[in-house]
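This report refers to the structure that appears directly beneath it.
The values are calculated or read from the model by the stated rules, or taken from the named source; none is laboratory data. These numbers were taken from a predicted model, which means no experiment stands behind them. Quick reminder, even Gly has a Cβ in these numbers, built from the backbone with ideal geometry, and neighbours come from all protein chains shown. In case anyone asks, the SASA skips ligands and DNA or RNA and just uses the protein heavy atoms, side chains included. Shrake-Rupley method; radii C 1.70, N 1.55, O 1.52, S 1.80 Å.
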Amino acid sequence: MTRSLPMASWDFYHQPSRSIAMTAPSFKQPPHDLVSEAKRLHGLGFSLLPLRGKTPLVTFGTCSKLPLNVTVDRLLDGRADAVGIRLKDLLVVDIDTHDGTQKKEMEKRFGVTAVITRTPRGYHLYYLRGRGPVPNLKSEGLPVDVKTGGNAFVVAAGTMRVNGDKYVAIGQPLSRSILREHKHQVTVTPKTNATSERGGTFKRTYNGLVPKGHRHNHLISLAREYVEAVQSETELNKNLIAERDHACADPVTFSDDEVGKISAFFWKKRLENGLFSSKDSSFRMRRTALDCLNGNTDAIALLTILESQHGHTAGKKFSLDQAGMKRSGLINMGRDRFRAAVTALLEAGLMEVAKEYFAGSQKRQYRLRRAHSLGSNVVDLPR
């Protein structure tokens, strides 16, 4: 699972008396190669953390990249025995087995990578973070965790713990210049221009980020896409937070709480079968409507089709084409039965004419109405 790191202010680093590291036990000084690797990675722009085991020794607030000495000093004085690499724009496939078959399978799914670390339990495969939801491979029963985002980290190659565990680079040294963006069947192709939830368009910033004023709608549109590909609200929320960190301008001003509200809304809609664009969703049929039709099976069948197609949009206008609906497989009624079913819906007050037919101009358009009780007592849907 991805680790969430505690948050604190930058003053933490300048007040040693408050640091948890002051009371931490000391370890054997790490090899010089690990210190050199930390300096190399920091010089390439990676954000590092000093670790004891797999636990960070410092908090970092909203700072995207800590000073080098925060990590190196703790390595040299023995408080840290490992270096963590934060994964803001990276994705690491963490395989918990040395089975070579599993490693090959992951490279088939995510792509071949030149940067691989052999860990005490398996492998780390490094990629650039792509678009789209992060797959939950644990839910498939695989011993694989996919890590990404600014609050996630992995142990750097070159680390050797006091118990003898080693993290060994078996590919090329980590560098963004040789990393490839991961591929996966649920990824989304990036677009230069994107459409907001309210129908407007926006241009990404010069570095490809979603600008302020459009981040909320961007995450809403992705939440609607992701919600049916994840296993839980927590997984949906992690995907949206990773998208915010990776693709949105100034992500620190778009809080986790705001992302959480989006996740909670769409997960609730999924549980309620309220995702209308999916063929696997449900729709309402009122019993009073069935009572109004007095067992007219053709009218009930037609009403069911119209509710499934148009009922979720209040006041929506639509035309009726018997031949077209029959060709598409929606109905199997002949012309006379279809006309009788339409007439029954109109007489029962479950449908009304919204616009009359004009020769050479437009077809007659209809609008659904909702039965309030038996008989002619009906109420109009909002227009």
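Considering every residue within the range 309-316, establish whether at least one is modelled with pLDDT under 90, among the polar types (S, T, N, Q) and not in a helix (DSSP H, G or I). Please lay out each step first, then the result.
At the first step, the residues of the range 309-316 found to be modelled with pLDDT under 90 are 309-316.
From the residues that got through so far, the ones that are among the polar types (S, T, N, Q) too are 309, 313.
Now drop any that are not not in a helix (DSSP H, G or I), which leaves 313.
Yes.
Does the range 250-259 hold any residues that are open to solvent by less than 20 Å² (accessible area, probe 1.4 Å) and part of a loop (DSSP other than H, G, I, E, B), and which are they? Spell out how you get there, then give the answer.
Our first condition is that a residue be open to solvent by less than 20 Å² (accessible area, probe 1.4 Å); within the range 250-259, this holds for 254, 259.
Listed by number, the list holds a single entry, F254.
Only residues that are open to solvent by 10 Å² or more (accessible area, probe 1.4 Å), in a loop (DSSP other than H, G, I, E, B) and either of a type outside the set (D, E, K, R) or touching a Phe, Trp or Tyr at 6+ places or on another chain (Cβ under 9 Å) (or both): list them for the range 62-80, please.
T62, C63, S64, K65, P67, R79
Which residues, taken from the range 98-121, are surrounded by fewer than 21 Cβ atoms within 10 Å (Cβ to Cβ) and either part of a loop (DSSP other than H, G, I, E, B) or hydroxyl-bearing (S, T, Y) (or both)?
H98, D99, T101, G111, V112, A114, T119, P120, R121
Within the range 131-152, restricting attention to residues that are of a type in the set (G, A, S) and closer than 24 Å to T101 by Cα, which residue is farthest from the chain's Cα centre (by Cα)?
As a first pass, look at the range 131-152 and keep what is of a type in the set (G, A, S): 132, 139, 141, 149-150, 152.
Then keep just the ones that are closer than 24 Å to T101 by Cα; that gives 139, 141.
Numbers: S139: 16, G141: 20 Å.
That would be G141.
It is to be established whether one or more residues within the range 328-340 are loosely packed, with under 15 Cβ neighbours inside 10 Å and either closer than 30 Å to Y226 by Cα or modelled with pLDDT under 90 (or both).
Yes, that holds for at least one residue.
Going by the structure shown, is R118 in contact with a His (Cβ under 9 Å, 6 or more places away or on another chain) and over 17 Å from A157 (Cα atoms)?
Against the criterion (in contact with a His (Cβ under 9 Å, 6 or more places away or on another chain) and over 17 Å from A157 (Cα atoms)), R118 does not qualify.
Collect the residues in the range 122-134 that are surrounded by 22 or more Cβ atoms within 10 Å (Cβ to Cβ), farther than 27 Å from A82 by Cβ and in contact with a Lys or Arg (Cβ under 8 Å, 6 or more places away or on another chain), keeping them in residue-number order.
none
Residue by residue through the range 83-97, note down the ones that are modelled with pLDDT of 90 or more and either part of a loop (DSSP other than H, G, I, E, B) or not basic (K, R) (or both). Break it down stepwise before answering.
Initial filter on the range 83-97 (modelled with pLDDT of 90 or more): 83-87, 90-97.
V83, G84, I85, L87, L90, L91, V92, V93, D94, I95, D96, T97, listed by residue number.
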